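Novice: Take a look at the following structure, please.
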Amino acid sequence: MTSPQLKQNNPKEKEWKESIFLRLSYSFLKATLGTLIRLIWVKKVEGLENIPKKGSVIIAFNHQSIFDFLCFIPILPRHIHYLSAEKFFSHPVWTPLVKMTGQIKVDRVSRDKSISHQTLYKYLANNKVIGIYPEGTRSPFEKEMLYAFTGVAKYAINAQVPVIPVGIKGTYEIMSRHDKKPKFKKLATFHIGKPIDFTKYQSANLNKKAYRVLTDRIMMEISKLSGKTYPYYGKFKTKKPKKTTVETKW
């Protein structure tokens, strides 16, 4: 599903196509490294039928580990483009991987996110799958999610695409943000929910509180699927919690 309005506002994006190199490199990494990761760490996947075989869609997850995306890429039949932190684009190991697979760079320090937004909407205008962690970073807590940013709801409404909530379990035990190396245990489970339709909403009619309500709706679905609590439901003026741990290299 792609917004006609989004296409009209960006006529050049109709002509945009993934390069052959991007398609081949993604397929190669998924077939090799991805298969190995799935065999070692992925225990169970439920609800894969809820992800459409074609059309643009946003997938929103809870986030506790780098294995959240490492394990999900191999199980998804389609090419997914994650919003990825800037640090992955300046790391000797991650940089070639995120560039070869077409991930979207997000500078979490800068207030100017225009380039990231343009790329995201370009992908959605061309029937791609976008992966988002509304919490913005990995939660340091085993059973609790962080305060979510409202961008996920804004993107869905502006592009007029559905959001699919996904609850992840087990990746915290494999490798949390406190760990330096992973445990080789088959623990990761993915519970994929039904699409949440946002087509009845128009951005011109919504304020900050409305976006918070819609984001809370997404987070509560993720909470049900993941078994993690979301203590910020309905708390419109709650500030983001302070970091409780030092950011790791990963």
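Please treat every number below as a calculation from the coordinates, not as lab data. Keep in mind it's a predicted model, so treat the numbers as computed, not measured. Cβ: placed from backbone, ideal geometry, glycine included. Neighbour counts: every protein chain shown.
Novice: What nm distance separates the two modelled labels at Arg78 and Ile40, each placed 7 Å from Cα along Cα→Cβ?
Specialist: Result: 2.9 nm between the two label points.
Novice: Let me ask another. So, in nm, how far is label Ala204 from label Val93 when the simple model puts each one 7 Å beyond its Cα toward the Cβ?
Specialist: Taking the simple label geometry, Ala204 and Val93 are separated by 4.9 nm.
Novice: Turning to a different aspect of this structure: What pairs in Lys194/Lys235; Lys53/Lys154; Lys54/Lys181; Lys181/Lys228; Lys30/Lys185 have C-alpha atoms more than 31 Å from each other?
Specialist: Checking Cα-Cα distances, Lys54/Lys181 exceed 31 Å.
Novice: How big is the gap, in Å, between the Cα center of segment 44-117 and the Cα center of segment 177-202?
Specialist: Their Cα centres are 11 Å away from one another.
Novice: Sticking with this structure for a sec: How large is log10 of I(q)/I(0) for segment 20-226 at q = 0.13, 0.17, 0.18 Å⁻¹ when the intensity is taken from the Debye formula with one equal scatterer per alpha-carbon?
Specialist: -0.70, -1.28, -1.47
Novice: If each residue's Cβ is checked for other Cβ atoms within 10 Å, how do Arg138, Arg177 rank with the fewest at the top?
Specialist: Ranked by crowding around the Cβ, least crowded first: Arg177, Arg138.
Novice: Hey, another quick one. Gain in length, Lys143 to Arg217, computed as 0.36 nm per residue apart minus the alpha-carbon separation, to one decimal in nm?
Specialist: Separation in residues times 0.36 nm, less the Cα-Cα distance, equals 24.8 nm.
Novice: What percent do you get for the relative contact order of the chain when only Cα pairs under 8 Å and 6+ apart count?
Specialist: It rounds to 27 percent for the chain.
Novice: Further question: Work out the FRET efficiency for Ser114 and Lys224 from their Cβ-Cβ distance, taking R0 = 30 Å, and round it to the nearest 0.05.
Specialist: E(calc), rounded to 0.05, equals 0.30.
Novice: Strictly greater than 16 Å: what percent of every Cα pair in segment 45-100 meets that?
Specialist: 50
Novice: With springs only between Cα atoms under 10 Å, which of Gly131, Gly170, Gly151 fluctuates most in a Gaussian network model of the chain?
Specialist: Most flexible of the set in this elastic network: Gly151.
Novice: Within a Cβ distance under 11 Å of Ile80, other residues only, what is the Lys/Arg minus Asp/Glu net charge?
Specialist: +3
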